[in-house]
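The values are calculated or read from the model by the stated rules, or taken from the named source; none is laboratory data. These numbers were taken from a predicted model, which means no experiment stands behind them. Quick reminder, even Gly has a Cβ in these numbers, built from the backbone with ideal geometry, and neighbours come from all protein chains shown.
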C-alpha cells in the first residue's frame, strides 16, 4: 500500500518556472498553486496581466491533488435546512454558483485540452438512516420546484439499480455532477496558465508580505522578492507565511482516501453500475467512486485528525473496514494507495472570497474545492479588475473562530461530538 495520492502518482509532474523569476515585478502575485491559484493565473494571463504564482510545495500537492476528484453540484449540508436559515433566494443564488463551478471546469477542460477524464456521471447522495431519507425527499422537492429540476429521489427499493449495497435507505440524484482525474486537471490548469505567460514557482513559499508607501506589495520568498500591484491569496489552510488572519477563520480537517487495485468490469457493474459519484449523509461522511482505470476510491473523515503518514495509515485501516461494510465483496481486495489531505473548512461550510486591507483572497471551499476553486479562481480575475458584483460571497461576514489561532487543537472534541450525533440522529 503506497502512502501517497493516486492522482499525483498517475499524472505527469508539472515543470514550473525557474527561481530567478522571483526577483522581478508583476501585476499580480498569486499565493498558492492549487486549483484556485492556477485557475486565477490562467484567467489573469488571458486578460494580459503579468502573473507570478508562488507555491510553497509543488503544484497540486495539497488539497487540490488529494481529494476524491468529484465535481459535485449542490451543498454539502441539507438544502432545506440551509434555505430556511439564509433564505430561499440567497440559497438558490449560491446553489447556481456551485452549478456554474461544474460548468466552468467543463469549459476549461475543453478550451485548454486538459486530458483528465472529465465525465458528468451525476452524484448519488445516500441516506445513512431512514430519517435522513425523509430530509432528502424534502430537499429534492424544494430543489425541483425552485432551482434544480435535474434531481430525483431514489427509494430504498429502487436503490439496487444505483448501488450494490444494502447499507442505505434511499438516495438523492443530482445529474449535473461530474468526476475527473484531478491530478491531471490541476497540473493541466497550471500548464495552461504557464503557456499563456504566467510564471509558476514551486518550492517558493511567501515568507513575508508588505505594502510599500507607493502602494505596491512586496512578497518575500526564499528565491528573492517580488513586487506586485495586487495580491491574491489562494493558499487554503497553508501554515506557511504571515497569514494569521486567514488561519483564524479556517479549520483544517483531515479527509482520508484509499484506492483499491484495478477491479473487473463485472464486479464494478454490480457495485456502482451507473458510475456516479457517491456520498452519504453522515457527519463522519463516506464518499466513493470508480476511477478512470477501474479502481474503487473510498474516502471519508475516518478520524478527526491531521494528515501525516502515521495518521493516514491508521485512517486507511478504518476506511478498509468501512468499505467492507458498504461493499462486502471488497473485503479482501488489495489496497494500492492510501493518503490524507486537509480540507479548508469554514464554520458554516460555505466558501469565502473578497479582500482584506487591499489583499484579495478566495478559499474555504469546505469539501467542494474542485469546481468552486475553479469558479472562484476564474472570477477573481474579474473581481480584482473592479467587478466585485460577481463575487457570490461578497456579502458574507467572516468572523474569526473563537479560540482558534491556526492549530486545530479542538479536532478530537469536534470528532467526538460528530460521532455522537451520528449515533443519536
Practice task
Report yes if some residue within segment 298-318 is at pLDDT 95 or above and under 29 Å from residue 106 (Cβ atoms); otherwise report no.
Solution key: yes
Practice task
Evaluate segment 160-172: report whether one residue or more is in contact (Cβ under 8 Å) with a residue 40 or more places away in the chain, outside any loop (DSSP other than H, G, I, E, B) and within 26 Å of the chain's Cα centre (by Cα).
Solution key: yes
Practice task
Name every residue in segment 54-104 that is free of Cβ contacts under 8 Å to residues at least 12 places away in the same chain and either under 17 Å from the mean Cα position of the chain (by Cα) or closer than 30 Å to residue 25 by Cβ (or both), in order of residue number.
Solution key: 103
Practice task
Quick one: count up the residues across segment 334-386 that are in a loop (DSSP other than H, G, I, E, B) and either under 15 Å from the mean Cα position of the chain (by Cα) or buried (at least 24 other Cβ atoms within 10 Å of the Cβ) (or both).
Solution key: 9
Completion exercise
All conditions in (1) part of a loop (DSSP other than H, G, I, E, B); (2) over 30 Å from residue 141 (Cβ atoms) are true of residue 74 except (2)
Problem - residue 344 being in contact with a helix residue (DSSP H, G or I) (Cβ under 8 Å, 6 or more places away or on another chain) and at pLDDT below 95 - result: yes
Handout entry: Failed condition for residue 242, given (1) modelled with pLDDT of 95 or more; (2) in contact with a strand residue (DSSP E or B) (Cβ under 8 Å, 6 or more places away or on another chain)
Key = (1)
Practice task
State whether one or more residues within segment 105-121 are farther than 30 Å from residue 195 by Cα and crowded, with 17+ Cβ neighbours inside 10 Å.
Solution key: yes
Problem - Residue selected from segment 21-59 under the condition surrounded by fewer than 24 Cβ atoms within 10 Å (Cβ to Cβ), assigned to a helix (DSSP H, G or I) and in contact with a strand residue (DSSP E or B) (Cβ under 6 Å, 6 or more places away or on another chain), by the criterion modelled with the highest pLDDT - result: 45
Practice task
Give segment 221-241 a look and list any residue that's closer than 30 Å to residue 254 by Cβ and surrounded by 15 or more Cβ atoms within 10 Å (Cβ to Cβ), or say none.
Solution key: 221, 231, 232, 233, 234, 235, 236, 237, 238, 241
Handout entry: Hits in segment 189-207 - residues which are surrounded by fewer than 24 Cβ atoms within 10 Å (Cβ to Cβ) and either without any contact (Cβ under 8 Å) to a residue 12 or more places away in the chain or in a helix (DSSP H, G or I) (or both)
Key = 191, 192, 194, 195
